[in-house]
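The values are calculated or read from the model by the stated rules, or taken from the named source; none is laboratory data. In this text, all values refer to a predicted model and were calculated from it rather than measured experimentally. Ideal geometry is used to build each Cβ from the backbone, glycine not excepted, and the neighbour counts take in all protein chains shown.
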């Protein structure tokens, strides 16, 4: 796996959290893994709970084994 | 003459609070209860749908289960020959005490909150848009059972039907939001699960 690791953050309901130009929605927004903790804390300070979207274990394993396809 | 006391087990008599959580309703990827390995009071899962606690309440959570029936009588028998269920009402009620937009959204039946984080020269701001249509949620409840472990309830789909009277007074009253969550699923589709013993080594 090359490049920066990404994580997906989402809001709980049909809510939107905006910080600068970044908008995090219920559908999920991909951010750099290194920024995720700071974003979650910024959201908490502003009264918003953000959640990390976790991939199902099987899907994650398939991606690591052959880079895609099944 | 010996006294008479009916048989009972004191440790089965319980009082105690319950924690109530809401999650977005999603038909294709529904919210699930925590894994069996998650202890009482542990973190509820964030996927496939994230659970959010409803916060402080004035007098805890009340679970209501009302069954309306139709009794069938015949002339020849004084007791009913049959009793059928006509309606089942399953509700979870509380008076929410945290005065936030999140509480208002749940109390008013649904809506959308947009939060703008504070930045240089820009205030932090939230806007709430209440929806005309009811939002659907999933409901989870957790309490302590007679074994000292978790008891969890999952209602896959509920709506919030409330009669909100928010009182704004100087000191005599808190701002409170009365909510009633109505189950939209059949009784068979509600999950009740409790832990009775730890796993063996």
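Table for the structure above
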read-out	value
Residue match in the range B:59-67 (condition: within 13 Å of another protein chain (Cβ to nearest Cβ) and outside any strand (DSSP E or B))	no
Only listed residue being under 16 Å from the mean Cα position of the chain (by Cα), within 12 Å of chain A (Cβ to nearest Cβ) and surrounded by 13 or more Cβ atoms within 10 Å (Cβ to Cβ), chosen from B:114, B:95, B:106, B:153	B:106
Subset tally (residues that are part of a loop (DSSP other than H, G, I, E, B) and farther than 26 Å from residue B:105 by Cβ) for the range B:1-41	19
Subset of the range B:175-189 that is more than 12 Å from the chain's Cα centre (by Cα) and surrounded by 14 or more Cβ atoms within 10 Å (Cβ to Cβ) - its residue that is farthest from residue B:99 (Cα to Cα)	B:185
Residues satisfying the stated conditions in the range A:1-26, i.e. more than 11 Å from chain B (Cβ to nearest Cβ) and closer than 23 Å to residue B:23 by Cβ	A:7
Evaluation of residue B:123 against (1) within 11 Å of another protein chain (Cβ to nearest Cβ); (2) modelled with pLDDT of 95 or more; (3) surrounded by fewer than 19 Cβ atoms within 10 Å (Cβ to Cβ) (one fails), failing number	(2)
